[in-house]
Amino acid sequence: IRDERGDPRGATEAFLRAREVDLREPPLPWSSPRELFQQAVVKSLLALPPTLRTFVDQAEVFLSEVPGIELVADGVDPRALLLLDALATPEFPGPPCGRIFVYQRNVERVAGSPDRLEATIVEALEREIEATFLESTSEPPPAAMMN
């Protein structure tokens, strides 16, 4: 809202405060150990339809609790579930997506239960892949600048 009102600094500060508040909260009682969460991410990637999986097949996967402060300061929502990064461009050819960052606390918050973890990750991946690679080819996605 602040961004829309011409207050980008205020928007960034609000995002940073939200990130800090989220990190002060303890993990959910049912939160998965990192190894199990990693397994859920791998299963989710394999569950993608082949037409979408081709965009992320060669990507390295990194896990974190929430997006880093530097990403949030650049405008990434502190409650983002994942981020596709190292995107190929004409200047930087390579696999379509080189890295995927998955944010465990945010995924678990949206999932609401361990039973919905993989489905939540698949849905987030589908949304991001479609938005990044399939919705518009007129200009490169902003994340391409993060190479």
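The values are calculated or read from the model by the stated rules, or taken from the named source; none is laboratory data. Please read these numbers as outputs of a predicted model, since none were measured by experiment. Here Cβ is always computed from backbone atoms with ideal geometry, including for glycine, and neighbour counts include all displayed protein chains.
With the requirement that a residue be over 16 Å from the mean Cα position of the chain (by Cα) and within 21 Å of GLY94 (Cα to Cα), what does region 47-56 give you?
Matches in region 47-56: PRO50, THR51, THR54.
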Checking ALA80 against (1) in a loop (DSSP other than H, G, I, E, B); (2) free of Cβ contacts under 8 Å to residues at least 24 places away in the same chain, which single condition isn't satisfied? (2)
Limited to region 22-38, what total is found for residues that are surrounded by 14 or more Cβ atoms within 10 Å (Cβ to Cβ) and either in contact (Cβ under 8 Å) with a residue 40 or more places away in the chain or more than 15 Å from the chain's Cα centre (by Cα) (or both)? 5
Please verify whether ALA59 is among the aliphatic types (A, V, I, L, M) and at positive phi, treating the condition exactly as stated. no
GLU13 fails exactly one of the following numbered conditions: (1) at pLDDT 95 or above; (2) more than 19 Å from VAL122 (Cα to Cα); (3) of a type outside the set (Lys, Arg); (4) more than 12 Å from the chain's Cα centre (by Cα). What is the number of that condition? (1)
Which one of these is under 13 Å from LEU28 (Cβ atoms) and either touching a strand residue (DSSP E or B) at 6+ places or on another chain (Cβ under 8 Å) or touching a residue at least 60 places away in the same chain (Cβ under 8 Å) (or both): GLU118, GLU126, GLU108? GLU108
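Conditions (1) surrounded by 15 or more Cβ atoms within 10 Å (Cβ to Cβ); (2) out of contact with any Pro (no Cβ under 6 Å at 6 or more places or on another chain), marked per residue:
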position	(1), (2)
LEU48	yes, yes
LEU52	yes, yes
VAL56	yes, yes
GLU60	no, yes
GLY68	yes, yes
LEU71	yes, yes
ARG79	yes, yes
LEU84	yes, yes
THR89	no, no
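This table checks each residue for (1) farther than 30 Å from GLY10 by Cα; (2) among the small types (Gly, Ala, Ser).
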position	(1), (2)
THR51	yes, no
GLU70	no, no
PRO90	yes, no
ALA111	no, yes
Just one of (1) among the hydrophobic types (A, V, I, L, M, F, W, C); (2) under 11 Å from the mean Cα position of the chain (by Cα); (3) more than 30 Å from GLU13 (Cα to Cα) trips up ALA119, so point out which. (2)
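Looking at region 93-103, can you tell me whether even one residue there is outside any helix (DSSP H, G or I), of a type in the set (Val, Ile, Thr) and in contact with a strand residue (DSSP E or B) (Cβ under 8 Å, 6 or more places away or on another chain)? Spell out how you get there, then give the answer.
At the first step, the residues of region 93-103 found to be outside any helix (DSSP H, G or I) are 93-103.
This time we only want the ones that are of a type in the set (Val, Ile, Thr), so: 100, 102.
Adding the requirement that they be in contact with a strand residue (DSSP E or B) (Cβ under 8 Å, 6 or more places away or on another chain) leaves 100, 102.
Yes, that holds for at least one residue.
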